[in-house]
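One structure below.
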Amino acid sequence: MRLLRYSLCYRRYLRSSQQHGFVLKFSSNDSSNDSNSKSKPGNKQDFVKVEFEPGEWDQERKDPLHRPPWKGKARQISIDELNNMPRISLEGYDRIYKDPLYIPSFLYEEQREQIYNMYLEMMEELQNNDRGATSHEYVCYVISQKMNIAKERVAAVIQLRHNEEKIRKEGGPIFEETAAFMDKKMKEVIDETFQDYKQPVPKTFIEDPALTPRERSREVVTVDDSFDVDEAERELLARDKSDAQLYLNNKFFIEDKEDGDFSCKINLNCKSLVEKREEYVQEKQYLQQQQQQEQKPIPKRKQYKFMAKIIESEEMTNRKTKNKLSCSKLRKSENILVEHNNTLRAATIGEVNRTSWKSKKNTLEFIYKDAKQAWLQKALHKKDGAWGKA
């Protein structure tokens, strides 16, 4: 018997395996090959035609495409290797870019224009399908995989190019000569850097790999001498990749619709409250008709819009936190009602987002918000000149 100390990488993947529902078996001849994880894509959205390749997880392990898969020729090193590298070397030491955590690169105008043109073509193509449904999120995923860059960077390029076209339509100045000068100088700096290191210059933009959080642990486990740590780690990494692939195959992409078309979720108590309100309105209308017959003036008051969040009293009493309204487990964007023009209804997503009860911000939706709104103006309201090139 002997004691094996978990490494940082091994502990991280072990923790992710427990979070995602599969169990690591400490056996060198484990024959279970995760047949369930290799199932075919189950996405029912008709516009999804591309199968995505898993990349690098984020630190919270919620997004398997936080960074695109590393396709550079340089070998990646871990944080531990970087911290243990000598800070001082001999004078004749040949500096190389063999073990980088980043590679100097720049997103030139040519690649930026290619991203925007691809975005325009894909949106027009998606609109011509059977259902006519489009998705900015899906387009960003496809372009990011083709360009091998982060989807957030694709969304930022789309939004910035949309702003430029909007300035052109309004007759504002676009400093193209300044951008061309910046591209030229950046290319000179990068060429000199790689020439100094005697390495080939990358032709496209390269994303930095995701950093691994620096953690330490004193956890140990007792295993048999026949246990193969390397083989168990390889099997765990393979299952982790299969789990990430399954997540991407079944991902539901946000479709392009106005926030007013969606209502927040409400429970049975909220629905019964809406029904009671409708009965009250009917009785009130009956009394008003009787007053009109008796020729009595009816005072008119200004109609305000009221919003209220319905919270279960039993649920609040069971909470152990002091500030029960700010509890992380409380779903803030649900069970919200609106009263306007004598009508009680569930609040729309757009109304909820203008209050403190709004849900957690979606990064991609926030980045290309203006470009998406302009597309909806063109696609739904037939407004010419709101979207696309000038």
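Summary table below
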| read-out | value |
| --- | --- |
| Verdict on residue 240 being touching a helix residue (DSSP H, G or I) at 6+ places or on another chain (Cβ under 6 Å), closer than 23 Å to residue 69 by Cα and either surrounded by 10 or more Cβ atoms within 10 Å (Cβ to Cβ) or not assigned by TED's automatic domain parsing to the domain that holds residue 342 (or both) | yes |
| First in the range 129-143 and touching a residue at least 24 places away in the same chain (Cβ under 8 Å) and more than 15 Å from residue 363 (Cβ to Cβ), second anywhere and in a helix (DSSP H, G or I) and among the polar types (S, T, N, Q), Cβ under 7 Å, 6 or more apart | 134/127 |
| Failed item in (1) exposed (fewer than 14 other Cβ atoms within 10 Å of the Cβ); (2) under 30 Å from residue 374 (Cβ atoms), with residue 196 passing the rest | (2) |
| Pairs, first under 18 Å from residue 254 (Cα atoms) in the range 334-362, second among the β-branched types (Val, Ile, Thr) and not in a strand (DSSP E or B), C-beta under 7 Å, six or more apart | 358/352 |
| Residue in the range 203-225 that is assigned to a helix (DSSP H, G or I) and either over 26 Å from the mean Cα position of the chain (by Cα) or crowded, with 17+ Cβ neighbours inside 10 Å (or both) present | no |
| Matching helices (runs of 4 or more DSSP H) fully within the range 348-390 where at least 3 residues are charged (D, E, K, R) | 369-379 |
| Yes/no for residue 359 being surrounded by 14 or more Cβ atoms within 10 Å (Cβ to Cβ), at pLDDT 75 or above, out of contact with any Gly (no Cβ under 8 Å at 6 or more places or on another chain) and of a type in the set (Ser, Thr, Tyr) | no |
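One line per residue, one yes/no per condition, for (1) aliphatic (A, V, I, L, M); (2) within 27 Å of residue 348 (Cα to Cα); (3) at pLDDT 65 or above:
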site	(1), (2), (3)
268	yes, yes, yes
271	no, yes, yes
295	no, no, no
300	no, no, no
306	no, yes, yes
316	yes, yes, no
321	no, no, no
324	no, yes, no
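The values are calculated or read from the model by the stated rules, or taken from the named source; none is laboratory data. Just so it is clear, the model here is predicted, and its values are computed rather than measured. Glycine also receives a Cβ, built like all others from the backbone with ideal geometry; neighbour counts cover every protein chain displayed.
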